[in-house]
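Visitor: Right, I'll just put the structure down here and ask away after.
The values are calculated or read from the model by the stated rules, or taken from the named source; none is laboratory data. Bear in mind the structure is a predicted one, so any value in this text is a computation, not a measurement. Glycine also receives a Cβ, built like all others from the backbone with ideal geometry; neighbour counts cover every protein chain displayed. For accessibility, only protein heavy atoms count, side chains too; no ligands or nucleic acids. Shrake-Rupley method; radii C 1.70, N 1.55, O 1.52, S 1.80 Å.
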Amino acid sequence: MAEGHAVSVLTPVQRPVGRYLSELHASLDAQAGVDWEWLVQLDGGASLLRRVPRAIRDDPRVAVEANGRWLGQAITRNLALVRARHRLLQTVDGDDVLLPGALAAGAAALHAEPDLGLAFGRTLELLPDGRRGPAKNPYPAGRIAPGALGRDWERRGGSCSIVVASAMWRIACVRAEGGWPASVAGLDVLLLLAVAAVHPARCVDADTYLYRTHPEQVHRSELRAAMRPHYRALARQLVAARAELGVSVPRPGQPAADER
């Protein structure tokens, strides 16, 4: 299969729940038309490895690694990032699920438009009682100009318009930003704002991601809530600094700095 249709799937995990990971593993196994590797990075000691179901650890397509100690979400993601072997990177949280055809849809979009920084589809919300409903994503299928996601974030009062975990990235764009920034809250949004400021995105016409709502979600913690004003201030400083420095979109046909 062409390299453009091989995907590294990255999942940071702080508190492994075997049932959720098994459901995610099954959803990956059902993906057709794409070669994938799954990089599971555990934020803690080696004892966490025992909480990952053996069927996952024994799958040769899966590489599970523990940090050795608690290091936080940003470092955990970046430790997985350095292990990624493919040019496309799908993130998915350890309690969520990829819907059928998700990897193929994202990979096809990024392969067809080499200037895209990321692609995402429609996200559905999985409620505790098993019902599904629409989640955040106000965009119709189509191309999204650089800067549009950031302007929408600001219009929404510093709330992201998509479930960022659902995105498939061109991995060079993530690495060019140094991976995920150090932030207790909003680290994925900070990366999104940086990449989408200079690269177009595409919303694909497909349901791609199932976002699980449950009381134990890490982002619902009191610490995350307390840190959100700080992350939003940092995000606005990021946007303002890029404008001050004249960071712009590469001209058509001009390679990004990390591709030269």
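Visitor: Could you go through segment 93-105 and let me know if any residue there is modelled with pLDDT of 95 or more, of a type in the set (V, I, T) and in contact with an Asp or Glu (Cβ under 6 Å, 6 or more places away or on another chain).
Guide: Within segment 93-105, one or more residues are modelled with pLDDT of 95 or more, of a type in the set (V, I, T) and in contact with an Asp or Glu (Cβ under 6 Å, 6 or more places away or on another chain).
Visitor: Separate question: How about segment 21-40: which of its residues are touching a residue at least 40 places away in the same chain (Cβ under 8 Å) and open to solvent by less than 30 Å² (accessible area, probe 1.4 Å)?
Guide: Listed by number, the residues that qualify are L21, L24, S27, L28, Q31, V34, W36, E37, L39, V40.
Visitor: Scan A80, A66 and give me the residue that is in contact with a helix residue (DSSP H, G or I) (Cβ under 6 Å, 6 or more places away or on another chain) and closer than 27 Å to P181 by Cβ.
Guide: A66
Visitor: A further question follows. Going by what's in this entry, would D58 be described as surrounded by fewer than 17 Cβ atoms within 10 Å (Cβ to Cβ) and either under 20 Å from the mean Cα position of the chain (by Cα) or without any contact (Cβ under 8 Å) to a residue 12 or more places away in the chain (or both)?
Guide: In short, yes.
Visitor: Within segment 1-18, take every residue that is of a type in the set (S, T, N, Q) and at pLDDT 95 or above and give me the one that is surrounded by the most Cβ atoms within 10 Å (Cβ to Cβ).
Guide: T11
Visitor: Also: Can you give me the ranges of the strands (runs of 3 or more DSSP E) entirely in segment 130-171 with at least 2 residues that are in contact with a Cys (Cβ under 9 Å, 6 or more places away or on another chain)?
Guide: 142-144
Visitor: Right, something else. Among all residue pairs at least 6 apart or on different chains, which show Cβ distances below 6 Å where the first residue, located in segment 157-184, is farther than 17 Å from V7 by Cα and the second is in a loop (DSSP other than H, G, I, E, B) and among the aliphatic types (A, V, I, L, M)?
Guide: From residues that are farther than 17 Å from V7 by Cα, the pairs are V163/A135.
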